[in-house]
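First up is the structure itself, then whatever we jot down about it.
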Amino acid sequence: MESRQNVPAGMEIKIKMKIVETIAEVRAQVKEWRAQGLSVGLVPTMGYLHEGHKSLMEEARKENDKVVVSIFVNPMQFGVGEDLESYPRDMERDSALCENAGAALIFHPQPEEMYHKDFSSFVDMNTLTKGLCGKTRPIHFRGVCTVVSKLFNIVTPDKAFFGQKDAQQLAIIRRMVLDLSMGIEIVGCPIIREADGLAKSSRNTYLSAEERKAALVLSRAVKLGRELVQNGEKNADKVVDAMRALIEQEPLARIDYVSAVDGLTMLPVHEINGGELVAMAVYIGKTRLIDNFSVEG
Ligand code: AMP
């Protein structure tokens, strides 16, 4: 929120956060800010925003003059049979949350604005994308890298903000920016949780009351794994096995993966020496949830 210049004292006019749907409008706004010497932070999201997204926006606001939030359910990162159509949407509530968090602009494009009919260029990665979520979601990270590259080209931010909740995604984006010399600072932000420990996620809305209780098994496994490591366990397989055993006690839970990997390469490790990521994806009923913790390096 800002006040317009040349307005008599006491008569401040609030300029509202803008919501735009076209690339041209984003470019025009950013050009205006750049002419004023202002820095720009970007928070890419798929909407149905919660406190986790809000924490990214607040960090972005601290570190930049202007914050752009993109809200785009990116079809390219959803596989066949995944939840593209049912993914929750609520632009009215999202707009209020962005405005409260100090965002200056929401970019809310339609898929046609991002992908014209002859679209045929992609950003892909051979290494970090193959394990963990990449195993069951083989095209997911190609969609993520492509859309994030496009957003970077459209917004040209100084910094972009991503959650540690999607730890593999964060590592991939960091690598993409390094490999392709994008010159954008990537800021990772901590996982925001519900009071009982469940990591906040737009997909939590899919859970029935019974599933919501069962979903606590993810954060309990994270807590157990972290405690084992803090108590000196160096054997990664033992940590993972203990976490698996805990999750398997929950009848509504079905493990996709629980893995300990190197925090930069995402390759499996057997020893905990610092800098590892211990990550999991677990189906609770039909809903696939993720959670993780990082071992300090
Ligand atoms: P999404 O809308 O799910 O694509 O998420 C947009 C961004 O918000 C990503 O960088 C996520 O990692 C981040 N995010 C989602 N949930 C959380 C959370 N509980 N805590 C912190 N960041 C989050």
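Do we find that Arg142 is surrounded by fewer than 19 Cβ atoms within 10 Å (Cβ to Cβ) and touching an Asp or Glu at 6+ places or on another chain (Cβ under 7 Å) in this structure?
Working: surrounded by fewer than 19 Cβ atoms within 10 Å (Cβ to Cβ): yes; touching an Asp or Glu at 6+ places or on another chain (Cβ under 7 Å): yes.
Yes.
Specify which of the listed residues (Ile186, Ile154) is within 11 Å of the ligand (Cβ to nearest atom) and in contact (Cβ under 8 Å) with a residue 24 or more places away in the chain. Outline the logic, then answer.
Values: Ile154 fails: within 11 Å of the ligand (Cβ to nearest atom).
The conditions single out Ile186.
So if I check each of Ala214, Ala209, which one is away from the ligand (no atom under 14 Å from the Cβ) and in contact with a Pro (Cβ under 8 Å, 6 or more places away or on another chain)? Give the derivation first.
Details: Ala209 fails: in contact with a Pro (Cβ under 8 Å, 6 or more places away or on another chain).
When all the criteria are applied, what remains is Ala214.
Taking Leu56 as the residue in question, decide whether it is in a loop (DSSP other than H, G, I, E, B) and either touching a Phe, Trp or Tyr at 6+ places or on another chain (Cβ under 6 Å) or modelled with pLDDT under 95 (or both). It would help to see each step written out before you state the result.
On the way: in a loop (DSSP other than H, G, I, E, B): no; either touching a Phe, Trp or Tyr at 6+ places or on another chain (Cβ under 6 Å) or modelled with pLDDT under 95 (or both): yes.
No; evaluated as a whole, the condition is false for this residue.
Only one of Ala60, Ala103 is more than 13 Å from the ligand (Cβ to nearest atom) and among the small types (Gly, Ala, Ser); which? Write out each step before concluding.
Values: Ala60 fails: more than 13 Å from the ligand (Cβ to nearest atom).
One residue alone meets the criteria, Ala103.
Give segment 98-113 a look and list any residue that's touching a residue at least 40 places away in the same chain (Cβ under 8 Å), part of a helix (DSSP H, G or I) and under 12 Å from Ile71 (Cα atoms), or say none.
Correct list: Cys98 only.
Kindly list the number of the only condition in (1) in a helix (DSSP H, G or I); (2) more than 19 Å from the chain's Cα centre (by Cα); (3) within 30 Å of Leu289 (Cα to Cα); (4) not acidic (Asp, Glu) that fails for Gly81.
Every listed condition holds for Gly81 apart from (1).
Does any residue in segment 36-56 that is on the phi > 0 side of the Ramachandran plot come within less than 7 Å, Cβ to Cβ, of a residue that is within 6 Å of the ligand (Cβ to nearest atom) six or more places away or on a different chain, and which pairs are these?
Partner pairs satisfying both residue conditions: Tyr48/Ser202.
Can you spot a residue in segment 21-37 that is closer than 28 Å to Pro190 by Cβ and among the charged types (D, E, K, R)?
no
Among all residue pairs at least 6 apart or on different chains, which show Cβ distances below 7 Å where the first residue, located in segment 190-217, is at positive phi and the second is within 13 Å of the ligand (Cβ to nearest atom)?
Gly197/Ser219
The values are calculated or read from the model by the stated rules, or taken from the named source; none is laboratory data. Everything quoted here is computed from the prediction, not taken from an experiment. Cβ atoms come from the backbone with ideal geometry, glycine included; neighbour counts cover every protein chain shown.
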